[in-house]
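A short write-up of the structure that comes next.
Rule-based calculations on the coordinates, nothing more; no lab input. Here the structure is a predicted model, which is why all the values come from computation and not from measurement. Glycine gets a Cβ as well: all are built from the backbone with ideal geometry, and neighbour counts include every protein chain shown.
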Amino acid sequence: MAKEAVVLLNMGGPNNLDEVEMFLKNMFSDKNILTMKSDLLRKFIGSMITFSRTESSQEIYRKLGGKSPIVDHTKSLVAKLQEKLGEAVIVDFAMRYTPPFASDAIEKINATEVEKIYLIPLYPHYSTTTTKSSLEDFEEQYHRYGANATLVEIKHFFENATYNRTVIENIKKSVGDDAYGDFDLIFSAHGLPKKIVDAGDVYEKHINKHVDILKAMLEGEGMTFHETHLAYQSKVGPMEWLKPSLDEKLSVVRNKGVVIVPIAFTIDNSETDYELDVEYREIAEKLGFKEYRVVRCANDDALFVDALCEIYEKMRS
């Protein structure tokens, strides 16, 4: 009987078009996303955002086949990690805003006598809006069940060499047999309101450190791009966000060829498959780019499975 469990945590995404409203409602009810102190004000603003964005978001997911790709990718990753770790460990996953929720994973885990649960948020960098939110959610749900396994958590893993090897190999696949010097490379991180960073969130610092690590690896591999950049995507609303934005960066990069690396995501989702691969592609084409390529996330890559095994073993030591 398994005595340990590994649970992968992520934000989730709609499993069908009917879940789009749920996804938005749960996201904008999260006190780590809308950070105002008043619950009433958060509920009001969250409901307004949900109302205004549901229809347009449904259209995006309709173009992606009627659902987010994140759950299927994660299921495949879990299956491969389970095979790698063997039957002595239960491997499962929980999403923050859409099924399967933390409570679903907890019910399955509680069916056996697990002594330790290792929580691995699938965000390489720590942020209150992602890592903290997912960990808090699982822990709150777990304690509501009155179970007593020890919860062990990791808060970031952008320094893991095997994970970074996954990123480098996926960049190689994107460039293929073409010359690296024909392309600019842009690491695209999900944006964050500046006020959250100013309040002490370390996300931007982690992104900068990660870019430095990957640039050193690229240099070591002889992967010399014309220039390498960092930009932020997904800005919404009028407040100040981390800069430069990806559209601003594209407007000043040499418009020959560009490779976009979604550095903040490990699993492909609407913000990679649609925002980066469709919306920003249209911007790049209008700017005259001859080549525009988006690097795939780690998803269920064998190297990423190896990296998660290493992370798990490090957590146990």
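Considering helices alone, the calculated mean residue ellipticity of the chain at 222 nm is -13500 deg cm²/dmol, with DSSP H runs of length four and up weighted by -39500 (n - 2.57) and normalised per residue.
Remark: the stretch 223-238, residue by residue, has Karplus-estimated 3J(HN,Hα) of 8, 9, 7, 4, 8, 10, 9, 10, 9, 10, 10, 6, 5, 9, x, x Hz, where x stands for each Gly or Pro and the curve is 6.51 cos²θ - 1.76 cosθ + 1.60 at θ = phi - 60°.
For the chain, the longest principal axis of the C-alpha atoms and the axis of helix 70-85 are separated by about 60°. Note on the stretch 105-158 and the stretch 10-36: Cα centroid distance 19 Å, given to the nearest whole angstrom. Annotation: the antiparallel percentage among DSSP beta bridges lying fully within the stretch 144-263 is about 10. Hey, with R₀ at 30 Å, roughly what FRET efficiency would His226 and Val278 work out to, going by the Cβ-Cβ distance, to 0.05? Plugging the Cβ-Cβ distance into 1/(1 + (r/R0)^6) gives 0.75.
The 3J(HN,Hα) values that the Karplus relation (6.51, -1.76, 1.60; θ = phi - 60°) gives for the stretch 289-300 are, in residue order, 5, 7, 9, 9, 10, 10, 6, 5, 6, 5, 6, 10 Hz. Gly and Pro appear as x. For the chain, the longest principal axis of the alpha carbon atoms and the long axis of helix 39-63 meet at an angle near 60°. Here the peptides 172-185, 18-31 are ranked by packing, the mean other Cβ count within 10 Å, and the order with the highest first is 18-31, 172-185. Scanning residues 5 or more positions from His229 or on other chains, those with amide H under 5 Å from its amide H are Leu185, Ile186, Phe187, with H placed 1.01 Å from N in the peptide plane.
Just to be sure I understand, if you calculate Cα extents along the principal axes in Å for this structure, which of (1) 58, 46, 38; (2) 70, 50, 36; (3) 122, 46, 30 do you get? Given (1) 58, 46, 38; (2) 70, 50, 36; (3) 122, 46, 30, the calculated one carries the label (1). Less than 5 angstrom separates the built amide H of Ile90 from those of Glu4, Ala5, Val6, all sequence-distant by 5 or more or on a different chain. When the pairs Lys209/Lys314; Lys31/Lys205; Lys25/Lys63; Lys243/Lys290; Lys80/Lys194; Lys37/Lys132 are compared against a 29 Å limit on Cα-Cα distance, Lys80/Lys194 fall above it. Taking Lys and Arg as +1 and Asp and Glu as -1, the other residues whose beta-carbon sits under 11 Å from that of Gln82 total 0.
Report note on the peptides 116-127, 189-200: ranked by the mean count of other C-beta atoms within 10 Å, highest first, their order is 116-127, 189-200. Based on Cα contacts under 8 Å between residues 6+ apart, the stretch 4-156 shows a relative contact order of 36 percent. Converting phi to 3J(HN,Hα) with the Karplus coefficients 6.51, -1.76 and 1.60 and the offset θ = phi - 60°, the stretch 14-21 yields x, 7, 6, 5, 5, 8, 4, 5 Hz in sequence order, with x at every glycine or proline.
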